[in-house]
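Written out below as structure tokens is the structure these notes cover.
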Amino acid sequence: MILNNSIELIHSLFNNCTGISIDTRSVTKGDLFIALKGDNFNGNLFAKQALDSGASYAIIDEPSENDERFILVDDALKCLQDLAAYHRTKIGTPIIGITGTNGKTTTKELVNCVLSTKYNVQATIGNFNNHIGVPLTLLSIRDDHDFAIVEMGANSVGEIKMLCDIAKPNYGLITNIGKAHLGGFGGLEGVIKAKSEMYNYFKENEGSIFINTDNILLTKLAEGLNLISYGENKEATYQGAPKMNADVLSVIITHEGGKYEVQSHLVGKYNFENVMCAISIGLHFGIPGENISKAINKYIPTNNRSQVIDSQSNYILLDAYNANPSSMTLSISSFIDKESNTKHLFLGDMMELGEYSKDEHQNIVDLLSANTSLHVYLIGEQFSLTDMPERFISFNKTEDIKIWLATNPISNGSILIKGSRSMRLEELVELL
């Protein structure tokens with residue numbers, strides 16, 4: 001067992017490994033295993049198993065048996081973060097950091113699709129965007145990557161600052177700022193403070209910000225920074241306008257004296273800022289408009305994010321990966337505008353709102369109440385506490401509405417399914 005907190009030494013060992021692993025179930029031969037701990041797990045207990053599974057070394061922070069392949073450090077998580085920060089200083093790959101309340105992952109996927117038409121790109125896998133995911137993404141970047149796209153999420157003030165300090169992005173992007181994780185942030189002002197930590201990083205370090213100048217709040221927060229702008233604003237560097245084909249989004253781009261249309265498979269006008277951002281980044285880095293159009297047209301939403309499902313009985317818009325007051329309002333408003341005779345909304349609780357939960361859930365109910373033609377089904381304890389019209393149907397748990405749907409089938413309707421991930425509303429699809 002080696003007792004060493006030298007990041008330089010650990011980085012040299014890492015360079016001779018095939019990759020990083022924090023889960024013995026996915027260890028491959030030659031990996032560097034890092035034994036992380038949480039409330040319900042302790043990776044130190046599985047470090048020997050990681051070595052037996054083929055890992056070259058295991059970083060631990062609890063003493064273990066005498067094995068030269070064990071590296072004992074003070075704190076395995078801090079070691080992971082310090083190793084990633086050190087690795088970042090050794091690679092010259094330009095990094096695009098993405099944060100925001102809504103659209104982070106969709107924007108990251110679109111930008112990845114566009115840039116990959118010309119460059120070798122590494123990007124955050126899924127939404128692995130926290131204090132563990134960002135370091136793992138950084139450690140996956142190689143010298144031959146032309147760009148890296150690093151998604152950054154946060155539940156409290158200070159997290160984006162920490163992630164920027166580790167990743168040291170060359171380009172930054174805040175998709176938008178809205179109501180999410182209000183309990184952890186202490187209200188909307190806390191969200192604004194936390195998300196603008198990325199802009200604060202660029203006020204102290206060199207780099208450029210991609211910004212939607214249609215967003216007044218972002219424009220104000222970004223004053224004094226080197227901006228690359230996009231949006232409907234005629235003063236924007238890259239100009240575009242949304243066009244709805246039924247409920248599927250296209251973007252009309254005005255660039256270098258000409259106009260062309262970029263067709264997507266994304267539903268809802270609210271996705272305009274996500275698509276427009278990817279287009280502007282592609283144009284900025286010299287990708288032809290035709291290639292950008294093909295890349296965006298090939299992107300099909302997955303993983304319960306704005307997925308369109310045409311079942312034998314109904315048209316379903318599944319957007320149940322996550323939900324907060326801002327994204328819920330946008331999804332509902334867009335769905336209401338959809339041309340359809342019968343509209344059914346299955347909405348689940350929004351989590352992590354703390355003391356703001358009751359008011360924010362009531363706001364959603366009030367928004368729905370104004371439209372008497374909607375068929376509304378509310379799922380979860382928070383929605384059950386609201387003052388709702390008698391015509392709304394409420395269920396305490398997802399299991400309850402599954403039982404109800406089994407004996408009350410719905411057909412020939414347009415359906416929106418939206419709620420926080422823990423509500424598991426995607427399970428309703430098979431019944432619709």
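The values are calculated or read from the model by the stated rules, or taken from the named source; none is laboratory data. Everything numeric here is computed off the predicted structure, so don't read it as measured data. Here the Cβ is made from the backbone with ideal geometry for all residues, glycine too, and neighbour counts use every protein chain on show. Accessible surface is based on the protein model in full, side chains and every heavy atom, while ligands, DNA and RNA are left aside. Shrake-Rupley method; radii C 1.70, N 1.55, O 1.52, S 1.80 Å.
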Length gained when the stretch residue 406-residue 15 is fully extended (0.36 nm per residue, less Cα-Cα span): 135.3 nm
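Can you give the relative contact order of segment 363-405 as a percent, counting alpha carbon pairs under 8 Å and 6+ residues apart? Walk me through the numbers on the way to the answer.
Numbers: 40 pairs, mean separation 15.6, N = 43.
Dividing the mean separation by the residue count of segment 363-405 yields 36 percent.
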Cβ-based charge dipole, segment 1-129, positive-most Cα from 10, 102, 50: 102
Cα gyration tensor, segment 22-114 - rounded (a/c under 1.5), prolate or oblate: prolate
With 10 Å bins from 0: P(r) over segment 228-316, alpha-carbon pairs, percent: 17, 50, 24, 8, 1
Kirkwood Rh (inverse of mean 1/r, distinct Cα pairs), the chain, angstrom: 23.4 Å
Beta bridges per DSSP with both ends in the chain, % antiparallel, nearest 5: 30 percent
Cα gyration tensor category, rounded, prolate or oblate, for segment 88-138 with a/c compared to 1.5: oblate
Candidate aspartates and glutamates for bridging to residue 234, where Cα separation is under 18 Å - those fewer than 8 sequence places away on the same chain excluded: 214, 256, 261, 273
Computed label-point distance, nm, for sites residue 311 and residue 49 using a 7 Å Cα→Cβ extension: 3.8 nm
Solvent-accessible area per residue, Å², over the chain with all protein chains present [probe radius 1.4 Å]: 44 Å²
Karplus 3J(HN,Hα) series, Hz, for segment 46-59 with 6.51 cos²θ - 1.76 cosθ + 1.60 (x for Gly, Pro): 10, 4, 5, 4, 4, 5, 5, 7, x, 4, 7, 9, 9, 8
Table column - 3J(HN,Hα) (Hz), segment 253-260, Karplus curve with 6.51, -1.76, 1.60, x for Gly and Pro: 9, 10, 8, 6, x, x, 10, 8
In nm, spacing of pseudo-spin labels at residue 66 and residue 256 (7 Å Cα→C-beta vector): 6.9 nm
Tensor-based shape of segment 334-432 (alpha-carbon gyration tensor, a/c under 1.5 rounded, otherwise prolate or oblate): oblate
Principal semi-axes in Å for segment 1-71 [√(5λ), Cα gyration tensor, largest first]: 17, 15, 11
Distance from segment 359-432 to segment 90-129 (C-alpha centre basis), Å: 34 Å
Long-range amide H partners of residue 394 with built H, under 5 Å: 378
Qualifying aspartates and glutamates (Cα of each under 18 Å from Cα of residue 203; at least 8 residues distant if same chain): 159, 165, 223
Per DSSP, loop GluC sites (Glu not before Pro) in segment 1-110 with at most 14 further Cβ within 10 Å: 65, 68
Debye, to nearest 20: dipole size of the chain, +1 on Lys, Arg Cβ, -1 on Asp, Glu Cβ: 820 debye
Amide hydrogen neighbours beyond the local backbone of residue 18, cut-off 5 Å, H modeled: 31, 32
Residue pairs, from the table 161/298; 168/418; 37/358; 104/418; 269/294; 108/294, whose Cα atoms sit over 27 Å apart: 161/298; 168/418; 37/358
Highest to lowest packing among 88-94, 144-150, scored as the average C-beta count within 10 Å: 144-150, 88-94
With every protein chain in place, the chain: carbon and sulfur % of accessible area (1.4 Å): 47 percent
